[in-house]
Amino acid sequence: MGGSFERLPAAVRKQLDKLGLHSVFDLVLHLPLRYEDETRITALRDARAGETVQIEAVVEASEVVFRPRRLLLCRARSGGEALTLRFFHFYPSQLKQLAPGVRLRAVGEVRPGFFGAEMIHPRYRVVRADTPLPQALTPIYPTTAGLAQHVLRKAVTDALAEADLGDPLPPALLRALGLPDFERSLRLLHQPPPDVSAEALQLRSHPAWRRIKFDELLAQQLSMRLHHRRRQSTRAHALAPPGALTGTFLENLAFSLTDAQRRCLEEIRADLALAHPMQRLLQGDVGSGKTVVAALAALQAVESGTQVAVMAPTEILAEQHHAKFAAWLAPLNVSVAWLSGSQSRKDKRAQVARIESGEAQVVVGTHALFQEQVAFRRLALAIVDEQHRFGVHQRLALRQKGTDEEGTMQPHQLMMSATPIPRTLAMTFFADLDVSVIDELPPGRTPVVTKLVSDARRDEVLARVRDACMEGRQAYWVCPLIEESEALQLQTAMDTYETLRTAFPDLAVGLVHGRLPAADKGAVMAQFASGALQLLVATTVIEVGVDVPNASLMVIEHAERMGLSQMHQLRGRVGRGAAASVCILLFQNPLSDNARERLRIMYEHTDGFEIARHDLRIRGPGELLGARQSGVPMLRFADLETDADLVEAARDAAARMLRDHPQAAQLHLRRWMGARQEYLRV
């Protein structure tokens, strides 16, 4: 870990551990959030409201008073003018420290007070008349409770003095990209001179910041490329080309594949024929037809005498997949099994036995698929839908069901996502994956018209829902919560269900939410799919996987509370048939600026990629990727929206460094990743 790190008190190391700082180099890369200027003294009369300044003053008197609460008052004089320092939280020793005659420098905001100028809880230090001013701006670091800035600052300073800050990157590469030296960049960011542009530091556009962001992106690209290389040396079942079953499947299909579906299928088939594991992401907008492509990939594995696992994050989505796979594959005498957490113990045991014997050729299920008691006979392909909803360990657990005892054989993996990945995000976080994109919708799909309607016009919305249902169509009414929340004051699904049943006594209204037992949930969905229910009140549990072509109207309650990706997924539940479809975003005023922007984007765009691009800009990559639970380290410094050019440059540089400077590449990786060097991409 390094000498200076080991010499830190155990209590300090414990606090640093909370910040993810475990070594000297972790401290070196712990960069400031902002800076304060202690390089100059401001005269009290020149201090402007709202501005943080440093005032030098001499203490005249200090006392603890009770008005109306206990506080420490320190009266001082600066350049002949009175200044009061107020401390609502203080230690008894501070009263002694701030004795009359003591000279101090206080940093904070000067405000007009009852007795003249005052500072509330300033940061201060006792000085002599000849104490020199600092030569650099004072860094303010991200910290945690119990870890003072001055302690963290000293730890970083000691780390900078000890660490080897030699530059591993080739000088020619840095010149070509116009990037400065690594050590000079780091020292400037930790101890910037007072004449450096404060705006460039704050916006992270200074050349020193660009160098650090490039290095971070380069480390990520190197890590993923090395993972990709290692995957090429792992064995997998080389699946035979599609045979007679695939031909019969396509003949029986009620529709023709689009050009985009055929292109993606060919890419997948080429991967499945190889003797090392496929790691491919199939992405396409809602309704683009990913499931049938996955079914054809599964059929190729079945025709090769192996098994397929299809895993979905929710029971509703998994049930939809099971119904589709069974309808398509059962006529071909392909055995499709179903496994979920809600099954009875007897049913589950029977399904597990079928899987272990190899009788079940395609197994569809939820998280139950990777339970310990589930053993596949010959798993060759794992298909994971909405992969970003699973944690990395869950995806790994499924993959291990097809790994041999030596760990040299792994199943092919096909991941699917209806959340389109913006290009910079794909280059950054999916650099070790092959990506297939279904970029066209099947013919006959009508665009969904989106309308923004204030809650004040709810009666008009109710009339619209009644008209749609009376004309023979079906509608969704989506609510964000199923229980009352005083904090958010949102209309609940249960209340809405009762209200709509009363408003529409002549309509068949159903309710589905995440806490319904699986059997009840399935029964309600089956009724809606068959047309027995005309109006379905639901939580966002229907966000993915629900396919009812006759549903042409959706009302999304409290749309101002929902994210772009979620609203786009929900909107994709309508417009799946030939009828003109409408999605009404029902919102409550007043709207925050962020909510107003999200609603505007939904109104103006139907293209999932464009919506995903805006989602990335607004929320960052963490939520879009599901990375809160995925195990993928998020970028600390680079921003995918503003640093797209650096993403491109890092991708190209990673390939060149691994080819021409492999030792420098490894040093760079160790420096940036440390123990996090192994990126799990499963």
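The values are calculated or read from the model by the stated rules, or taken from the named source; none is laboratory data. A quick note: this is a predicted structure, and the numbers were derived from the prediction, not measured. Because the Cβ atoms are built from the backbone with ideal geometry, glycine has one as well, and the counts that use them run over all protein chains shown. Quick note on the areas: whole protein, heavy atoms, side chains included, nothing else; ligands and nucleic acids left out. Shrake-Rupley method; radii C 1.70, N 1.55, O 1.52, S 1.80 Å.
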Report summary line: A 1.4 Å probe over the protein heavy atoms gives the stretch 138-246 a carbon and sulfur accessible-area percentage of 57 percent
Report task. Find the accessible area per residue for the stretch 230-294; the probe is 1.4 Å, ligands and nucleic acids are left out, and the unit is Å². Result -> 42 Å²
Report summary line: Toy charge model, Lys and Arg Cβ at +1, Asp and Glu Cβ at -1: the chain dipole around Cα centroid in debye, rounded to 20, equals 1460 debye
Report summary line: Dipole check, the chain, charges on Cβ (K,R +1; D,E -1), about Cα centroid: among P193, L257, T450 the Cα furthest to the positive pole belongs to P193
Query raised in the report: Scattering from the C-alpha atoms of the stretch 295-365 alone, worked out with Debye: what is log10 I(q)/I(0) at q = 0.23 1/Å?
Result: -1.03
Query - Probe 1.4 Å, protein heavy atoms only - accessible area per residue of the stretch 1-140 in square angstrom - result: 55 Å²
**Report entry** Longest site-free stretch - the chain; sites: chymotrypsin sites (Phe, Trp or Tyr not before Pro), DSSP loop, at most 14 other Cβ within 10 Å
**Finding:** 256-682
Query raised in the report: Give me the Kirkwood hydrodynamic radius of the chain in Å, from all C-alpha pairs, to one decimal place?
Result: 29.3 Å
Query raised in the report: Using a probe of 1.4 angstrom, how much of the accessible area of the stretch 291-358 is carbon and sulfur, in percent?
Result: 49 percent
Report task. Mind jotting down the distance between the C-alpha centroids of the stretch 99-154 and the stretch 548-577, whole Å? Result -> 54 Å
Query raised in the report: Cα centroid distance between the stretch 278-306 and the stretch 318-393, in Å?
Result: 15 Å
Query raised in the report: Solvent-accessible area per residue for the stretch 492-555 at a 1.4 Å probe radius, Å²?
Result: 37 Å²
**Report entry** Lysine pairs in the chain with Cα atoms under 20 Å, if 8 or more residues apart or on separate chains
**Finding:** 6
Requested in this report: Would you mind computing, in nm to one decimal, how far apart the modelled labels at L332 and R7 are, each placed 7 Å from Cα along Cα→Cβ?
Outcome: 6.9 nm
